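Report on the structure given below.
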Amino acid sequence: MTAVLEVKDLTKRFRGVVALDGVSFEVRPHEVVGLIGENGAGKSTLLKVLTGIYQPDAGVVLRNGEPVTFRNSSDAARAGIGMVHQEQSLVTSVSVAENILLGAEGDAVRFGFYNWPKLNAVAQRQLDKIASAISPTTIVEKLSFAERQLVELAKAMYVEEGAQVEPVIILDEPTSVLEGAELETLFAQIDRLRQIASVIFVSHRLEEVLRVSDRVYVLKDGRSVGETDAASADIDLLHRLMVGRESSAQFYHEDEQLPVDEAPVKLQVKNLTRAGQFEDVSFDVRAGEVVGIAGVIGSGREELSRVLFGAEPSTSGSIVVDGKPVKFASPVDAVSSGFGYIPAERRIEGIADGLSVAENIFLVAPQTAAWGPFRNPKKALEIAGAWIKRLRIRTPDERTNVGNLSGGNQQKVVLAKWLNSPELEVLILDHPTRGLDVGAKEDVYIFVREQCAKGMAVVLLADSLEETIALSHTILVMRDGRIERRFDAPAGSKPKPVDLVERMV
Ligand code: ADP
Ligand code: MG
């Protein structure tokens with residue numbers, strides 16, 4: 001059986017980075033193929049080659065057995081390759097039909113005017129293919145996210161008309177904005193799509209890929225490192241292939257959690273109150289200790305972390321470091337007192353697109369690369385280089401525009417920026433692993449353990465209870481603005497999530 005799409009030894013370089021390093025895979029008729037890999041594995045680059053946006057440096061693409069070259073995305077569309085993009089690309093102010101035919105209105109335009117009945121009919125035909133009840137005349141802004149994704153899917157189906165061949169539909173991380181019932185709808189759609197097309201489903205979420213795919217390829221550092229039938233997949237093995245290291249048991253590096261009972265107290269929070277948000281919060285953090293704060297939305301823990309870092313003032317109470325009270329007017333104040341902070345909204349407070357990786361790293365503490373009053377560019381590059389190594393940031397070099405890095409690597413640059421403070425003594429981690437994939441998460445855990453071994457005091461607000469429990473020495477559960485309960489969490493005898501949940505709600 002000839003593959004509908006086959007890729008052989010595809011290579012794509014960007015200056016120093018080899019984004020694709022001899023990737024091979026095939027898609028068979030009416031098959032859903034999953035492409036799974038961590039952030040930076042090369043997934044988006046591969047898809048851009050398959051849709052003519054990038055030209056490969058080496059390798060071949062075969063469509064139904066014939067070698068093809070796509071100089072641009074119209075070439076790929078003519079070959080029946082349609083793509084649902086990671087970022088939604090619809091024009092929200094116009095109708096569903098206009099969006100479906102956008103850029104390909106040819107048939108439905110005469111003397112510069114739309115032939116509306118024809119336009120709507122062609123659009124309706126695409127919507128019918130995916131059995132969607134959305135009307136072609138609806139204005140897109142009236143639709144939910146999930147419905148918009150179906151319109152994207154219908155739009156991708158349109159490639160079939162020009163190509164006269166069964167299409168290959170590519171979905172790049174389509175689930176990131178969906179939840180619950182919307183996810184189920186999308187999965188049902190993909191399942192049905194199998195009757196009339198072949199599908200490539202791309203994601204960094206393993207469970208999802210296994211659910212919708214017939215066969216799965218694992219991409220790692222630009223190579224396909226594994227291939228398996230989804231039905232008989234060994235999840236642990238796939239996980240290991242993706243990350244390239246041992247998984248679950250050692251994921252949190254729990255055996256590197258050192259006891260801190262003898263260590264001096266570094267940070268004391270005394271009767272801290274911010275009226276209306278939290279009240280009378282007191283706790284100590286010893287050098288080398290991770291204190292995790294758990295609590296539901298409204299428990300006051302997010303507000304507490306903002307006050308600890310100087311982003312909001314307290315109403316009463318005090319913060320004491322090494323026995324001396326401190327008062328922060330702003331986060332920058334906190335940084336100069338040896339506080340490091342990983343903000344939760346990294347994309348917003350995060351990277352400065354257009355600046356280099358090195359420049360981004362020095363945004364918070366430019367003095368670390370200064371020599372007297374002058375900037376020392378050599379030192380700056382050296383320090384940036386050290387962070388790149390330490391956090392395993394995948395970038396050609398320090399001078400690369402941060403906007404060219406994959407999402408996970410951009411997040412690591414933001415981590416480096418906040419961590420690049422010379423006298424870090426206290427670290428406030430506000431959802432440090434949010435949005436990171438498994439490999440990058442583990443890098444953060446390793447980093448936290450290293451810092452603790454050096455005597456850093458850490459306050460952690462984690463995304464999941466599992467992460468809170470695994471990383472912390474001590475867990476404080478907050479409810480209604482107060483500390484409800486304190487748990488010891490020594491390595492080897494950690495509390496269970498249910499114990500915490502009982503106190504949270
Ligand atoms: P994924 O989609 O799997 O997260 P990408 O294909 O976006 O990964 O990126 C693969 C690698 O190639 C990353 O290291 C990324 O930083 C690099 N890369 C991607 N596009 C460019 C570009 N235009 N210039 C330089 N490097 C790039
Ligand atoms: Mg991507």
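Taking other residues whose beta carbon is less than 12 angstrom from the beta carbon of Lys270, and scoring Lys, Arg as +1 and Asp, Glu as -1, yields -2. Considering only Ser44, Thr400, Ala154, and ranking their Cα positions along the charge dipole of the chain that arises from unit charges at the beta-carbon of Lys, Arg, Asp and Glu, the one farthest toward the positive end is Thr400. Bridges between two residues of segment 425-505, per DSSP, are antiparallel at a rate of about 55%.
Candidate cross-link partners of Lys48 among the lysines, defined by an alpha-carbon separation under 21 Å and a same-chain spacing of 8 or more, comprise Lys8, Lys12, Lys155, Lys220. Once the convex hull of all Cα atoms in segment 5-243 is built, its volume per residue stands at 126 Å³. Lys and Arg at +1, Asp and Glu at -1: add these up for the other residues within a Cβ distance under 11 Å of Tyr252 and post the number. Neighbourhood net charge equals -3. Taken about its Cα centre, segment 5-243 carries a charge dipole of roughly 600 debye when the Cβ of each Lys and Arg holds +1 and the Cβ of each Asp and Glu holds -1. Dipole size of segment 238-313 about its Cα centre, with +1 on Lys/Arg Cβ and -1 on Asp/Glu Cβ: approximately 260 debye, rounded to the nearest 20. A DSSP coil position with no more than 16 other Cβ atoms inside 10 Å describes the following GluC sites (Glu not before Pro) in segment 129-211: Glu179. Per-residue ellipticity at 222 nm, computed for the chain from helices alone with -39500 (n - 2.57) per DSSP H run of at least four residues, works out to -9000 deg cm²/dmol. Express in whole angstrom the spacing between the alpha-carbon centres of segment 376-438 and segment 445-492. Rounded to whole Å, the Cα centres lie 23 Å apart.
Divide the volume of the convex hull around the Cα atoms of the chain by the residue count and you get 174 Å³ per residue.
Computed about the Cα centre, the dipole magnitude for the chain is approximately 1100 debye when only Lys and Arg (+1) and Asp and Glu (-1) carry charge, each at its Cβ. Of the trypsin sites (Lys or Arg not before Pro) found in segment 1-82, those in coil by DSSP whose Cβ has at most 13 other Cβ atoms within 10 Å are Arg15, Arg71. Looking at Pro29, Leu219, Thr11, which one has the Cα that reaches farthest to the positive end of the dipole of segment 5-243 (charges on Cβ: Lys, Arg +1; Asp, Glu -1)? Highest projection toward the positive end goes to Thr11. For the pairs Lys266/Lys327; Lys43/Lys379; Lys266/Lys389, note any where the Cα-Cα span goes beyond 27 Å. Cα-Cα > 27 Å for Lys43/Lys379; Lys266/Lys389; rest within.
Net charge near Gly16: determine it from the other residues with C-beta under 11 Å of the C-beta of Gly16, scoring Lys and Arg +1 and Asp and Glu -1. Once all neighbours under 11 Å are counted, the net charge is +2.
Taken together, the values in this text are just the output of simple stated rules run on the coordinates, not laboratory data. These numbers come from a predicted model, not from an experiment. Every residue, glycine among them, receives a Cβ derived from its backbone with ideal geometry; neighbour counts consider all protein chains shown.
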